[in-house]
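The values are calculated or read from the model by the stated rules, or taken from the named source; none is laboratory data. Treat the numbers as computed from the prediction; the structure is a model and nothing was measured. Quick reminder, even Gly has a Cβ in these numbers, built from the backbone with ideal geometry, and neighbours come from all protein chains shown. The protein model used for the area step is the full one, side chains on, heavy atoms only, and it has no ligands, DNA or RNA in it. Shrake-Rupley method; radii C 1.70, N 1.55, O 1.52, S 1.80 Å.
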Amino acid sequence: MTQRTAILSIDGRSIELPILSGTLGPDVIDTRALGHHGLFTYDPGFLSTASCASDISFIDGDQGLLYYRGYPIEQLAEQSDFLEVSYLLLHGELPNEAQKRDFLAKVGKESMLHDQMGKFFQGFRRDSHPMAVMVGVVGAMSAFYRHSSDAFDPVQRQTAGLRLLAKVPTIAAWSYKYNEGEPFMYPQKRLNYAENFLYMMFATPCEEYLPNPILARALDRIFILHADHEQNASSSTVRVAGSSGANPFACIAAGIASLWGPLHGGANEATLKMLEEIGDVSRIGEYIKRAKDKTDSFRLMGFGHRVYKNMDPRAALMRQTCHEVLDELGLNDDPLFKLALELEKIALEDEYFIQKKLYPNVDFYSGIVMRAMGIPNSMFTAIFALARTVGWVAQWQEMISEPEHRIARPRQLYTGAQRRDFVPMEQRG
Ligand code: CMC
């Protein structure tokens with residue numbers, strides 16, 4: 001087949017640029033040759049830029065599709081579990097039985113932290129935000145696990161990825177325990193990944209703790225739904241940080257820092273804050289009115305999405321889980337959850353929200369589910385980070401093992417002063 005090209009005509013010159021097709025999604029114009037012509041593309045925020053080629057996940061925002069390695073998210077959420085999905089993201093294929101057993105055993109074995117790391121936590125203030133602790137402690141893994149820090153060694157890369165997947169839940173749970181002033185709980189091999197996280201969050205040495213299987217399954221689903229989402233801000237951050245060959249733990253810490261921002265991972269926490277502010281079903285009308293008012297900056301948190309202009313497929317799955325959890329815990333009549341469900345109902349029926357395609361997003365429901373489980377708001381983004389770690393590792397591995405791998409080094413449109421001469425102090429006005 002002949003190569004399709006796009007012709008850029010500039011100052012009487014024609015530059016022919018190849019058009020590349022992926023397996024799904026829009027074609028892209030390969031602009032790499034522009035640099036040879038002294039030209040760069042200008043696209044702040046990457047609104048029209050494919051920053052890399054990737055095999056890992058695919059989103060179609062118009063149709064409301066999300067695939068991991070080609071598998072629809074619905075099938076994975078309903079028929080798989082988080083560690084199987086993690087294997088898929090890291091290795092490209094679902095594991096067979098023996099591979100899964102081996103993978104689970106390796107993750108279990110790596111889930112403990114270096115004993116000295118417990119002391120590292122003690123350096124933080126007791127009231128530190130869990131994300132602040134996570135950025136610090138995950139970054140510090142490069143000091144504790146130096147022999148899996150070489151990004152250019154494929155064996156060390158594998159070990160680092162496994163360690164991150166296994167140890168980040170322990171770090172997240174311990175950041176909560178540290179806030180609470182409770183003893184750190186060690187992961188238990190007898191428990192699965194989500195059960196273990198609940199155990200490390202809520203167990204104490206004083207009494208037996210048995211994780212509720214429905215809640216563990218709901219948490220596992222939250223992990224699956226947040227595991228990867230193509231080239232979002234934090235995944236792009238990990239790729240850019242890692243492109244210099246920086247060690248993997250520092251790169252994942254950079255991803256956590258990016259995720260922390262309220263425009264990215266913070267929406268689930270913001271949703272709960274908003275529900276608390278609304279306070280009562282009788283005040284929903286007032287807030288819906290404010291959300292529609294152009295002169296008011298208020299927005300309904302947990303509604304709308306930049307990419308999904310149809311229902312976010314993750315939100316549909318999370319909605320189902322949300323109802324299961326509220327039923328299981330008998331919380332349907334709890335004022336805050338009643339308020340959330342009423343808000344969802346009114347917004348879904350409101351002409352403004354229908355017309356603008358503003359559906360509840362995954363964070364609307366995941367915030368409610370986590371609150372129902374007794375997880376404090378401050379841990380919501382930390383749990384998102386825990387789930388996204390495997391996606392970040394997969395994106396980092398893909399980037400660094402790419403044969404054409406190069407350091408990420410964008411150019412700029414310079415808008416500052418032109419050349420001028422230094423002015424001595426006595427001559428300055
Ligand atoms: N409440 C009220 N109106 C809204 C909302 C909302 N949540 N979201 C968008 N709109 C209106 C907006 O005012 C605009 O109206 P108009 O066309 O009259 O100017 C129109 O809808 C389009 O909005 P936009 O800001 O151009 O849309 P966007 O694609 O840039 O923003 C968004 C997407 C997610 C930032 C936005 O919907 C929003 O701020 N939502 C609330 C925050 C939230 O829940 N964020 C989590 C997103 S999911 C997490 C993830 O996957 O990373």
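Brief remarks on what is shown
- Using distinct alpha-carbon pairs, which all enter the 1/r mean, Kirkwood radius of region 87-178 in Å: 14.3
- Of all accessible heavy-atom area on region 267-372, the percent that carbon and sulfur account for (1.4 Å): 48
- Once both labels are positioned 7 Å from their Cα atoms along Cα-to-Cβ, the gap between Leu47 and Asp333 label points is 5.0 nm.
- Most mobile listed residue (Asp11, Asp30, Asp150) in the chain, GNM with C-alpha springs under 10 Å: Asp11
- Counting all C-alpha pairs of the chain, share separated by more than 28 Å (%): 54
- Under a 5 Å amide H cut-off, with hydrogens placed 1.01 Å from N, Asn310 pairs with Gly64 among residues at least 5 apart or on other chains.
- Rounded to whole Hz, the Karplus (6.51, -1.76, 1.60) HN-Hα couplings of region 51-59, x for glycine and proline: 7, 6, 9, 8, 9, 8, 9, 9, 10
- Within a Gaussian network of the chain (alpha carbon springs, distance under 10 Å), most fluctuating of Lys167, Lys356, Lys100: Lys356
- Beyond 27 Å in Cα-Cα separation lie the following of the pairs Lys189/Lys273; Lys289/Lys357; Lys100/Lys167; Lys177/Lys338; Lys177/Lys309: Lys189/Lys273; Lys177/Lys338; Lys177/Lys309.
- The coefficient of translational diffusion for region 64-111, derived via Stokes-Einstein from the alpha carbon Kirkwood radius under 4 °C and 1.567 mPa s, stands at 115 µm²/s.
- Overall Cα dimensions of region 248-384, principal axis frame, Å, largest first: 48, 38, 26
- Karplus 3J(HN,Hα) series, Hz, for region 323-334 with 6.51 cos²θ - 1.76 cosθ + 1.60 (x for Gly, Pro): 5, 4, 5, 4, 5, 4, 8, x, 9, 4, 9, 5
- The HN-Hα couplings worked out from phi for region 244-251 by the Karplus form 6.51 cos²θ - 1.76 cosθ + 1.60 (θ = phi - 60°) are 7, x, 4, 5, x, 5, 5, 5 Hz, whole numbers, x standing for Gly and Pro.
- Here the Gaussian network model covers the chain, with springs between Cα atoms less than 10 Å apart; of Leu275, Leu225, Leu259, Leu275 fluctuates the most.
- The chain: relative contact order as a whole-number percent, Cα under 8 Å and 6+ apart: 20
- Cα point-scatterer Debye curve for region 5-50, base-10 log of I(q)/I(0) at q = 0.17 Å⁻¹: -0.56
- Average accessible surface for the chain: 52 Å² per residue, computed with a 1.4 Å probe over protein heavy atoms with every protein chain in place.
- Amide H contacts under 5 Å for Glu230: Ser57, restricted to partners 5 or more places along the chain or on a different chain, H placed in the peptide plane at 1.01 Å from N.
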